[in-house]
Structures are given as structure tokens and as C-alpha cells.
1. Placing +1 at every Lys and Arg Cβ and -1 at every Asp and Glu Cβ, with all other atoms neutral, what dipole size does the range 40-172 have around its Cα centre, in debye to the nearest 20?
2. What shape does the range 70-176 take by its C-alpha gyration tensor, where a ≥ b ≥ c are the square roots of the eigenvalues and a/c under 1.5 counts as rounded, a/b above b/c as prolate, and the rest as oblate?
3. Of the heavy-atom accessible surface of the range 85-202 (probe 1.4 angstrom), what whole percent is carbon and sulfur?
4. For residue 50, give me every one of the aspartates and glutamates with a C-alpha distance below 12 angstrom, ignoring sequence neighbours fewer than eight places off in its own chain.
5. Remind me, relative contact order of the range 132-259 in percent, using alpha carbon pairs under 8 angstrom and six or more residues apart?
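The values are calculated or read from the model by the stated rules, or taken from the named source; none is laboratory data. Predicted model, so just to flag it, every value in this text is computed and none were measured. Cβ atoms come from the backbone with ideal geometry, glycine included; neighbour counts cover every protein chain shown. Accessible surface areas use protein heavy atoms only, side chains included; no ligands, DNA or RNA. Shrake-Rupley method; radii C 1.70, N 1.55, O 1.52, S 1.80 Å.
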Amino acid sequence: MKAVAMAGLKWMVAVALLTAVGLSPRAAVAEDAPTCVPPAYLLASEAKLKGVAAALKTTHKLDILVVGSRSSTILSAENSSYPGRLQTLLRDRFPGVTINVMVEMRPKRTAADIATGLAALVAERKPVLVIWQTGTFDAIRSIDPDDFRTALGQGIDAVKQAGSDIMLMNLQYSPRTETMINPAPYLDAMRVVAQEHDVPLFDRFSLMRHWNETGEFDLFSPAPGIDLALRVHNCLARALMAFVIEAAQTDPAEARTQR
């Protein structure tokens with residue numbers, strides 16, 4: 001049983017690494033022609049990104065910092081994973097705004113590990129928005145959900161006190177790894193903390209599960225290829241862009257006319 005569990009975790013790591021690799025010529029069409037349409041309720045947020053709205057409308061400069069793991073970074077080519085795609089999409093949508101999406105890779109770190117350094121990280125990078133991608137390693141390590149919840153709150157408070165907006169992004173969905181780890185307590189904790197601290201939660205887990213169940217992607221495939229990886233990341237980036245715009249309550253056309 002232990003061997004099976006380890007194999008499952010290795011598969012999850014392989015998928016995470018795969019989804020962060022660079023572009024290939026045969027994947028260009030998949031990137032440029034997404035067909036995935038997120039359910040509207042997954043793009044709605046009662047919590048708002050007021051700092052992002054101000055940056056788009058007044059300063060016309062938006063720096064976003066993604067704090068995550070290897071699944072959010074670019075290993076072999078620029079703009080291949082969702083942060084790079086997000087930057088390109090936002091620049092296209094807001095041509096009069098200087099937009100930069102930075103990535104701070106913190107692999108194999110729990111939320112508590114990350115939370116202790118967020119204040120210093122924000123002071124150094126000075127982002128308008130922090131996207132905190134977390135939960136997977138805590139689930140792998142079976143961290144107490146209450147401790148996970150406490151760490152999330154501490155991290156959110158640190159970023160807000162440093163003057164930046166923050167939003168949470170939860171775990172990746174994988175039908176295989178659900179048999180090896182139990183994501184439910186960590187997904188629930190992130191929903192509760194997001195509500196308590198009035199910050200948006202980008203539900204990556206539900207989005208990927210929806211696309212898998214509707215046949216958009218086959219995330220159960222034992223041999224996911226680069227085309228699948230790039231399609232998933234491109235779709236996530238498009239959904240994330242829509243989510244940020246919604247949470248900022250910003251009309252791209254209005255931002256252009258105010259330039």
C-alpha cells in the first residue's frame with residue numbers, strides 16, 4: 001500500500017512538473033484556441049481587489065506576484081505556464097497598463113513555512129496583488145487542517161498589512177491523487193479563511209474537476225502529454241484573468257479610456 005501511495009505521489013509530482021514546461025511547436029494551436037468555458041459561478045467573487053482596481057484605473061501599473069510551487073513556474077520557455085499566460089492576456093486586455101506577473105517558487109513548503117516570509121517578500125517585490133497558491137504540500141504531509149487554517153490567516157494578514165491585495169488559489173485537481181491524499185479538509189479550510197478575511201479564492205480544484213468531468217481534459221490519463229499541459233495552463237490563465245477582472249470590478253474599456 002505504501003508503494004502504491006508513493007507511486008501516486010510521484011505521478012502527481014510528474015504532472016506538476018509537466019504542466020510547467022515550455023512551449024512546443026505542436027502545442028501552439030492548442031494554446032491559441034482554447035475551448036474551455038468556466039462555469040460562471042466559479043468566476044464570481046464577493047471579495048474585491050481594491051488595490052488592483054486602483055492600479056488599473058489610476059497608476060496604470062500592475063505588478064502581480066504568484067507565490068507557489070513548481071506547477072506555477074516556467075522551466076524551459078517563457079510564458080508557457082499560467083503566470084506567463086496571465087501576463088500576456090492581461091497586457092492584451094489592458095494595453096495602456098504596464099503589467100508584470102512575477103513568480104516566487106517555494107516548492108515543498110507548507111502554508112506555515114510560506115506565511116512567515118510573506119511580509120518580507122511583499123516588502124521586497126512590492127506587488128499590487130499576491131496570488132498565493134497553496135494546499136498541496138500540506139495535504140501530502142497531512143498537516144493538521146486547523147494549523148493550515150491558522151497559517152493561511154497569518155499569511156493573509158501579513159500581506160494586507162504590507163499594503164498589497166491578496167487572493168488564494170487552491171490545489172490542482174487530479175482524479176488519481178485523490179486516492180492518495182485527502183484534499184477536502186484543505187479545500188474547506190481555504191474557503192472558510194477566504195470568507196473570514198474577505199479575500200477572493202480562485203477555485204482551481206473545482207475548475208479542473210469540471211473540465212475533466214465534462215471531457216474538456218482527460219486528467220486521468222496515465223501519460224499526459226505536453227499538449228494537455230499547455231491547454232490546462234492556458235485555460236487556467238484565461239479563467240484567472242476573468243476572475244481578477246471580476247474581483248477588481250474593472251471594465252477594460254474604461255481603463256483604456258482613462259489612460
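1. Around 400 debye, computed over the range 40-172.
2. On the way: a/c = 2.22, a/b = 1.31, b/c = 1.69.
Here the range 70-176 falls in the oblate category.
3. Working: 2210 of 5030 Å².
Taking all protein chains in place, the range 85-202 shows 44 percent carbon and sulfur surface.
4. 165, 198, 246
5. On the way: 100 pairs, mean separation 32.2, N = 128.
With pairs under 8 Å counted, the relative contact order is 25 percent.
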